[in-house]
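All remarks here apply to the structure that follows.
The values are calculated or read from the model by the stated rules, or taken from the named source; none is laboratory data. Being a predicted model, the structure only gives us computed values, none of them experimental. Cβ placement follows ideal geometry from the backbone for every residue including glycine, while neighbour counts extend to all protein chains displayed.
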Amino acid sequence: MSRDQILANLRTSLNANRPWLLGEAARMPHEPPPFVLPAQDDLVGQFVAEIAKLEGKAYRVADAAEALAIIDRLIEETQATSVIGWDLDQIGLAGLPELLAARGIKPAAADVRGEGRKARLQELEPIPICLSGVELAIAESGSLLLRHGPGKPRLASLLAPCHIAVVFRRQLVRGLGEALALLAQRYGDEIFGPTSNLTFITGPSRTADIEMTLSLGIHGPPQIHVIVVEE
Amino acid sequence: MTTGRRRAVLFATCIVDQLYPTVGLAAAELLEQQGVVVEVPSDLLCCGQMAFNAGFRDDAYAVAGRTLEVLRGKGDVVMPSGSCAAMIRHLYHELFAHTPFAGMAEDLAHRTYELSEYVVDVLGVTEVGACFNGRITYHDACHGLRFLGLGRQARALLGRVQGAEVVPLPGCDQCCGFGGLFAVKQHSISAAMLDRKIEAIESTKADLLVTGDVSCMTQIAGGLSRRNSPTRARHLAEVLANMVDAR
Amino acid sequence: MSQTIAFYDRVDHALHDSSLQTALHRATTRFIGNRAGAIGALCDADRLRDQARAIRAYALAHLDELLPQLAANVEARGGHVCWASDGEEARRYIIELARARGVRSIVKSKSMASEEIHLNEALEHAGFEVVETDLGEYIIQLAGETPSHIIAPAIHKTREQVSELFQQHLGMPPTNEVPPMIRTARQALRQRFLQADMGISGVNFGVADSGAIVIVENEGNARLSTTVPRIHVAIMGIERIVARLADLGVMLQVLARSATGQKLSVYTSLISGPARPGEEDGPEEFHLVLLDNGRSRILGGQYAESLLCIRCGACLNACPVYQAIGGHAYGGVYSGPIGAILTPLLQPDLPDAYLLPQASSLCGACQEVCPVRIAIPDMLLRHRADAVKAGKANPVEKAAIAGYTLTMTHPAIYNAGGKAGRFFSRILARKGRFRRLPPPLHLWTKQRDFPALPPKSFRELWAERQKQRRSSS
């Protein structure tokens, strides 16, 4: 009922203003630019520098072994006995399952659906580390794009105070326009097929709501560690 | 047009006519010095902005419609006010849309210029032989700045004034709080905006605050005068035509 | 702040509130600087803004097709869509849904549309526990106030005031340091998230071709609100749509930069329906409320351009009037220049909404920073014309304008009036100025002088000069 009424109103209104709006719409092509900032030679360098500006931690490493060493150190520092993570296969870092096993860590499944949702959430809450991969990363804004879905829960970049993300050099693009184009190329109409959620993450959770004072970690992770594997 | 000399109507505006005749004379001098034959139609009064901005469109239509008639077929029109020029260039379109005057309004919009714009962009002149021994700072009047894209012209002209030290005004593109009837109807907000402007002007320790609009000039001069500030507010034309008395 | 207080009283109150003045100055200066830096760094900011405008105009021109497309795609993904003609329908849908699902506790992330329909009051009245989770919104909820800025709802609050609220409501030990306040809020709100049955969010953009909604935020509260509870309800003004996913490549760039000066906001979530089979987390139910509330009508009139707005708040920060009085003085949900346009349209029942378009010096700073280049001053002028047409003009002003028009259309009256003015000026002005003028011009001379009138008008002097020239040549 309301649907029909709203659509009827819209059509009446557009009878009057559609020509003007179409004129405005035609002034410029809509295709987004692949990137919006002046290009830099070193894409990884740009990405790492952007994350640092956001008060995140970024690491350039040559190979998986160096990446594992950083993860090992972060586990040590947080004294984690568990992590909320992606399926380790989907992160794709060679040696990661062995590292966690050696540390005695069994990744906790963020399986909160169905009965006992709230109880399961309470169990996940104290876990100190989130561990994820990425779909893509954007150099000019220091952003991670996570395409969630089976084996890639949203809570694995959200719940714990420390988020570790593993990025491979091949996943890095220059700008947002390029990232969206790549998504469309990869998945066509099924970008949202097996997943209900895509999230761009650009630095640690922040707020300036009290006197414009920048504070980290009001809701999401105050710490974000992005490990860029250049192999 | 009998000779090759450029002709222009000087539309001094009602405020200049009644409150600041020297601004009108200065503008005329400036144009004549550059070889322009200046005409001042005796029955040319007001652009109608006051009524338009207050929402009284029928009144604005009457005043502006009369102005359209007076300026019909008169060639270039030059105004020592960015705000009034913006009224003609930017708002007459809406005021006269779907009326018999639409075409005339369009035509007038295309041949109306603000003074500094006319001197610099049309006549191609920045050196007008002006002198002022003292410190000058410049306030960008909003309508000229944002609806006509002005600012660079006045700065180019002031940069050539002999003996003048031109210093930047902090927040030079911030509104002074005049806004027509806004200054009276919302006088407390207007006064708060004026306070900020005066503070910025005082920080420059300038002898002259120069601007291209007498409406802003009235607001700013009123504030400076109330505070007994040593800084005086003057119109750009007065400086360029050497009509600012030394002190 | 109560809406029964007249607009002018709210203005005076704001101008005399020194902590508000400090907060406004700090916030708007920071926002302006951040925005200028972020826009200035772009390869081609003008083009990007032109593109953003074109994309939004296209979406509005096709709203009658894009909304059904968005709804169909959401439903195809297992989501539910409510078409709400007004706030009442939207509130009823959400309350009935919450009752049917046995909801007790609700977490909300920032949504101007929900403010517009006063959803919180309705939910609380219906017996639900509702918590705003954006820190700024949470602070003003504890204080029992409304947002004073689209992006930073609590900018009018000092840290001392926040500390007091947290001590009183959350048992925080006394402190004026911000970090312990942040920790206190994180802990308190985290438990609210984990125990919530329903999350309510706003929508920055609906993406028609993907059946997705986009939520932009910095804190992570919107991610938690839309991930943790069993049910997610998103409320979207029907105009907040783009046709294609690729359009976000322009819109997100201008939104973040215009709002806070960030390259991208910390979290940008694209959500399409409820969790899929095989996903471990995410909500079981997704409901999209498409809120009209007057927008379909506005689209056909002379304020249609205001529907291009993407709620970045840049015009608030740039506006010298907003800088002076802040958001609450406007009295409506939306403040600043865009609020002065939207409030009379979306909340026409507010008694002094028609005064808001008067609260502008028409300086144009708003249009200059608008990422979609909305001609805000032109629309403020149309509102003023509408108010006059509706007979709302102040009688003194009406008389003044009648006198003005008579004068400016009759040179004889104009000349006589000028002579009379100069006569009185000679008698009454002192030292070239007026310190005081009679009403209604006393409002001018309250804070500034008025120049004495010169002995002769420009046109008189010009006529004399031309006469001399003729006789000498």
### Task
Would you check which residues across the stretch C:248-268 are over 18 Å from A:Thr207 (Cβ atoms) and facing chain A (nearest Cβ under 8 Å) and list them?
C:Leu248, C:Gly249, C:Val250, C:Leu252, C:Gln253
### Query
Is one or more of the residues making up the stretch A:49-58 exposed (fewer than 15 other Cβ atoms within 10 Å of the Cβ), under 24 Å from A:Pro128 (Cα atoms) and in contact with a strand residue (DSSP E or B) (Cβ under 9 Å, 6 or more places away or on another chain)?
yes
### Task
Just give me the residues in the stretch C:270-309 being in contact with an Asp or Glu (Cβ under 8 Å, 6 or more places away or on another chain) and facing chain A (nearest Cβ under 7 Å), in sequence order.
C:Pro274, C:Ala275, C:Glu280, C:Asp281, C:Asp292, C:Leu299
### Message
Exactly one condition in (1) within 10 Å of another protein chain (Cβ to nearest Cβ); (2) within 19 Å of the chain's Cα centre (by Cα) is false for C:Cys312; which is it?
### Response
(1)
### Query
Among B:Val125, B:Val38, B:Val16, B:Val78, which is more than 10 Å from chain C (Cβ to nearest Cβ), of a type outside the set (D, E, K, R) and outside any loop (DSSP other than H, G, I, E, B)?
B:Val78
### Task
State yes or no: is B:Arg160 in the same structural domain as B:Ile136 (by TED's automatic domain parsing), charged (D, E, K, R) and within 21 Å of C:Asn317 (Cβ to Cβ)?
no
## Note on the structure
Residue set A:Pro34, A:Pro38; condition in contact (Cβ under 8 Å) with a residue 40 or more places away in the chain, part of a loop (DSSP other than H, G, I, E, B) and over 18 Å from the mean Cα position of the chain (by Cα); output residue A:Pro34
### Task
Hey, can you tell me all the residues within the stretch C:288-309 that are under 13 Å from the mean Cα position of the chain (by Cα) and small (Gly, Ala, Ser)?
C:Ser306
## Note on the structure
Going through the stretch A:79-138 in order, the residues found to be more than 30 Å from A:Val173 (Cα to Cα), more than 10 Å from chain C (Cβ to nearest Cβ) and buried (at least 22 other Cβ atoms within 10 Å of the Cβ) are A:Ile127
## Note on the structure
In the stretch A:212-229, anything farther than 21 Å from C:Thr227 by Cβ, facing chain C (nearest Cβ under 7 Å) and in a loop (DSSP other than H, G, I, E, B) is listed as A:Met212, A:Thr213
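Considering only residues that are aliphatic (A, V, I, L, M) and more than 7 Å from every other protein chain (Cβ to nearest Cβ), which ones fall in the stretch C:346-363?
Those that are aliphatic (A, V, I, L, M) and more than 7 Å from every other protein chain (Cβ to nearest Cβ): C:Leu346, C:Leu350, C:Ala353, C:Leu355, C:Leu356.
Quick check, is B:Ser42 at pLDDT below 95 and not aromatic (Phe, Trp, Tyr)? Lay out the reasoning, then the answer.
Details: at pLDDT below 95: yes; not aromatic (Phe, Trp, Tyr): yes.
Answer is yes for this residue.
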### Task
Tell me, please, whether a residue that is in a loop (DSSP other than H, G, I, E, B), in contact (Cβ under 8 Å) with a residue 60 or more places away in the chain and assigned by TED's automatic domain parsing to the domain that holds C:Gly249 can be found in the stretch C:160-173.
no
### Task
Check whether at least one residue in the stretch B:226-233 is aliphatic (A, V, I, L, M), touching a residue at least 24 places away in the same chain (Cβ under 8 Å) and either more than 11 Å from chain C (Cβ to nearest Cβ) or assigned to a helix (DSSP H, G or I) (or both), and report yes or no.
no
### Query
What number of residues in the stretch C:420-473 are more than 9 Å from chain B (Cβ to nearest Cβ), among the small types (Gly, Ala, Ser) and part of a helix (DSSP H, G or I)?
4
### Query
Considering only the stretch C:194-247, how many residues are surrounded by fewer than 24 Cβ atoms within 10 Å (Cβ to Cβ), at the interface with chain A (Cβ under 10 Å from one of its Cβ atoms) and in contact with a His (Cβ under 9 Å, 6 or more places away or on another chain)?
3
### Query
In the stretch C:39-51, which residue that is touching a residue at least 60 places away in the same chain (Cβ under 8 Å) and either among the polar types (S, T, N, Q) or more than 9 Å from chain A (Cβ to nearest Cβ) (or both) is farthest from C:Gly261 (Cα to Cα)?
C:Gln51
### Query
Taking C:Leu406, is it closer than 30 Å to B:Val70 by Cβ, within 10 Å of chain B (Cβ to nearest Cβ), surrounded by fewer than 18 Cβ atoms within 10 Å (Cβ to Cβ) and at pLDDT below 95?
no
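Rundown of residues vs (1) facing chain C (nearest Cβ under 7 Å); (2) at negative phi, yes/no style:
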residue: A:Leu183; (1), (2): no, yes
residue: A:Arg186; (1), (2): no, yes
residue: A:Glu190; (1), (2): no, yes
residue: A:Gly193; (1), (2): no, yes
residue: A:Asn197; (1), (2): yes, yes
residue: A:Gly203; (1), (2): yes, no
residue: A:Arg206; (1), (2): yes, yes
residue: A:Ile210; (1), (2): yes, yes
### Task
State yes or no: is C:Gly403 assigned to a helix (DSSP H, G or I) and closer than 30 Å to B:Arg232 by Cα?
no
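Residues checked against (1) farther than 30 Å from C:Pro348 by Cα; (2) outside any helix (DSSP H, G or I); (3) in contact (Cβ under 8 Å) with a residue 60 or more places away in the chain; (4) outside the structural domain of C:Phe286 (by TED's automatic domain parsing):
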position	(1), (2), (3), (4)
C:Arg56	no, no, yes, no
C:Asp64	no, no, no, no
C:Ala72	yes, no, yes, no
C:Glu96	no, no, no, no
C:Arg99	yes, no, no, no
C:Gly102	yes, yes, yes, no
### Query
Given the conditions (1) within 14 Å of chain A (Cβ to nearest Cβ); (2) at pLDDT below 95, which single one is not true for C:Gly144?
(1)
### Summary
Taking the stretch C:282-296 and keeping residues buried (at least 22 other Cβ atoms within 10 Å of the Cβ) and either on the phi < 0 side of the Ramachandran plot or among the aromatic types (Phe, Trp, Tyr) (or both) leaves C:Pro283, C:Phe286, C:Leu288, C:Val289, C:Leu290, C:Leu291, C:Asp292, C:Arg295, C:Ser296
#### Entry: Cross-chain or 6+ apart pairs with Cβ under 9 Å, the stretch C:350-370 first and within 19 Å of B:Gly144 (Cα to Cα), then of a type in the set (S, T, N, Q) and outside any loop (DSSP other than H, G, I, E, B)
C:Ser361/B:Ser190; C:Leu362/B:Asn53; C:Val369/C:Ser258; C:Val369/C:Asn317; C:Cys370/C:Ser258
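Just one of C:Arg186, C:Arg190, C:Arg230, C:Arg240 is among the charged types (D, E, K, R), at pLDDT 95 or above and farther than 24 Å from C:Ser105 by Cα; which is it?
C:Arg240
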### Task
Output the residues belonging to the stretch B:48-75 that are more than 9 Å from chain C (Cβ to nearest Cβ) and farther than 16 Å from B:Cys14 by Cα.
B:Tyr61, B:Glu69, B:Arg72, B:Gly73, B:Lys74, B:Gly75
#### Entry: For A:Val44: the one exception among (1) on the phi > 0 side of the Ramachandran plot; (2) surrounded by 16 or more Cβ atoms within 10 Å (Cβ to Cβ)
(1)
